[in-house]
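Worksheet: one structure, shown below.
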Amino acid sequence: MWTTSHCSGWRRPVLFRNPGDGNRRKWTMRFCVACLLGSLMISAIIFAWGDAARKSNTGRPGRKVQVVDQKLYLLDPHAPLRSKPDGAMQFLSIGDQGTGGFDQMRVADGMTKVAQRHNLSFVLGLGDNFYDRGIFDEDDPMFQQRFEYMYNIPELESLPWYMSLGDHDHRRNVSAQVKHNSKASNWHMDGQYYTVQKTLACGKKLHVVVTDSVLLEGGVYEEGLDRRFMRDYKESQSGKELGLQHWKWLRNTLANLSNGQDWLIVVGHRPALSRCQRKVSPLDVIFRNKMRKLLEGNSVDLYMNGHDHTAQILHKNRIHYIVNGIGGHNLHKLQENSPEALYKNASFHGFALHSVDCNSMTIMFCNGDGMEQGKRVIVKRLSS
């Protein structure tokens, strides 16, 4: 059927059987209702299919499946991190983050995503909190710009952040970072070195010994040795006498906490073992050898540090070494030959998620999207 335009005489087709206006409205209404019902039916079918896939633990097509200890895990690089095992305590660690730049912000976003999916207990900071030359005083605006505003979601703000000092922090006023402990509810630095104790669900303890690597370096410094940023360092913050006192405190603290049953973690900024491709001075070698000897002489489970902007998990003489300096600064390269390396990567910025119970700790490196990049399970070494 055709109708004629009154203005031009142009004829157009009628799309309905009945040309009456009332019938056209009726058929239009029926058509809209039919489309709506069809959309609802399609949505119901898609939801039912997805629910069946979730219940069968096979997920969407194309995902690989792996069975580990009678448990089914989906191998999907875009899947969110799994929730923590029953009874495990979880915390984050981050190092060399204090740039205020895009990479620090992206890592903060990744930490936010992980914090929203997990019941975290605290965060460990591995030093170099404020590039490039530290801060002037406890009211320095960089506290807001590079810490408070950077990690200002409730899931991160509510956690205690146990911070340590790096060499860039030592270039100005490290006392200001200690004093800021009273100004921010989540910033914790009870001195240049201190201890933290947590109780696991099973009743055992998690001991964290936070050290000041630059101060310890001052204790082994000898005249004529090259020392990084030496012109910026202050005798009252990283000198010889105070450094020797720090070594004595560390020896006594580790001896008192080494019962062979509880977890014992030592945190520093400088590595005791690393396979990063960067200059290692004679003073670095002295510090590393002395630190490893002290760790091996006690029931230390792992040593965690930043400084080298890489992600590494290494193992030597019963001690695990975690290098985690990927929080925001430019990345370093890795050595090709790394016999102690259980995991190493220098291709992404990120942080680490730790899940610890009485018998094991899972260390999982995550990128700025909050996605898993690699992990290692450490079994607790018990001794009488």
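The values are calculated or read from the model by the stated rules, or taken from the named source; none is laboratory data. Since we're looking at a predicted model, the values are computed, not measured. When we count neighbours, we look across all protein chains shown, and the Cβ atoms used for this are built from the backbone with ideal geometry, even at glycine. These area figures cover heavy atoms from the full protein model, side chains too; ligands, DNA and RNA do not enter into them. Shrake-Rupley method; radii C 1.70, N 1.55, O 1.52, S 1.80 Å.
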| field | In sequence order, calculated HN-Hα J values of segment 150-161 (Karplus, 6.51, -1.76, 1.60; Hz; x Gly/Pro) | value | 6, 10, 9, 9, x, 5, 9, 5, 7, 8, x, 9
| task | Mind ranking 320-327, 367-374, 225-232 by how tightly packed they are, going by the mean number of other C-beta atoms within 10 angstrom, highest first? | result | 320-327, 367-374, 225-232
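Do any trypsin sites (Lys or Arg not before Pro) in segment 105-187 lie in a loop, going by DSSP, with at most 12 other beta-carbon atoms within 10 Å of their beta carbon, and if so which? Please list the in-between numbers first.
Numbers: sites: ARG106, LYS113, ARG117, ARG133, ARG146, ARG171, ARG172, LYS179, LYS183; in loops: ARG133, ARG172, LYS183.
When the trypsin sites (Lys or Arg not before Pro) of segment 105-187 are filtered for loop state and at most 12 Cβ neighbours within 10 Å, LYS183 remain.
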| remark: Reduced to Cα centres, the span from segment 113-129 to segment 301-342 in Å works out to 19
| said: Please list, in order along segment 247-255, the HN-Hα scalar couplings obtained from phi with the Karplus expression 6.51 cos²θ - 1.76 cosθ + 1.60 (θ = phi - 60°), rounded to whole Hz, x for Gly and Pro. | reply: 4, 5, 4, 5, 4, 5, 5, 5, 5
| query | For the cross-link pairs LYS198/LYS333; LYS293/LYS380; LYS113/LYS380; LYS179/LYS293; LYS316/LYS344; LYS240/LYS293, which exceed 23 Å when the distance is taken from alpha carbon to alpha carbon? | reply | LYS198/LYS333; LYS113/LYS380; LYS179/LYS293
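Given an 8 Å cut-off on Cα distances and at least 6 residues of separation, report the relative contact order of segment 89-379 as a percent. Show your work: numbers first, answer last.
Details: 692 pairs, mean separation 64.7, N = 291.
Relative contact order here is 22 percent.
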| Amide H within-cut-off set for SER360, under 5 Å, with H built and near neighbours excluded | LYS380
| query | Residue by residue through segment 286-303, which ³J(HN,Hα) values in whole Hz follow from phi under the Karplus form 6.51 cos²θ - 1.76 cosθ + 1.60 (θ = phi - 60°), with glycine and proline marked x? | reply | 4, 4, 5, 5, 5, 5, 4, 4, 5, 4, 5, x, 10, 8, 7, 8, 7, 10
| field | Mean accessible surface per residue for segment 89-379, computed with a 1.4 Å probe while every protein chain stays in place, in Å² | value | 38
| said: For a quick check: with amide H placed at 1.01 Å from N, whose amide H comes under 5 Å from TYR343's, ignoring anything fewer than 5 positions away on the same chain? | reply: ILE313
| field | Relative contact order (%) - segment 232-336, alpha-carbon pairs under 8 angstrom, separation at least six | value | 27
| Summed side-chain charge close to LYS290 - residues other than LYS290 whose Cβ falls under 12 Å, Lys, Arg +1, Asp, Glu -1 | +2
| note | Taking a label point 7 Å from the Cα of GLU241 along Cα-to-Cβ, the residues of segment 146-179 whose backbone nitrogen sits under 20 Å from it are 174-175
| remark: If the chain between ARG318 and VAL33 were fully extended at 0.36 nm per residue, the gain over the current Cα-Cα distance would be 95.6 nm
| task | Could you tell me what percent of the accessible area of segment 89-379 is made up of carbon and sulfur, with a 1.4 Å probe and every protein chain present? | result | 46
| Tally Lys/Arg at +1 and Asp/Glu at -1 over every other residue whose Cβ is under 10 Å from the Cβ of GLY368; what's the total? | -1
| Residue (of GLY127, VAL210, GLN116) at the positive-pole extreme of segment 89-379, dipole from beta-carbon charges | VAL210
| query | Whose amide H sits under 5 Å from the amide H of PHE122, counting only residues 5 or more places off or on another chain, with H placed in the peptide plane? | reply | LEU92
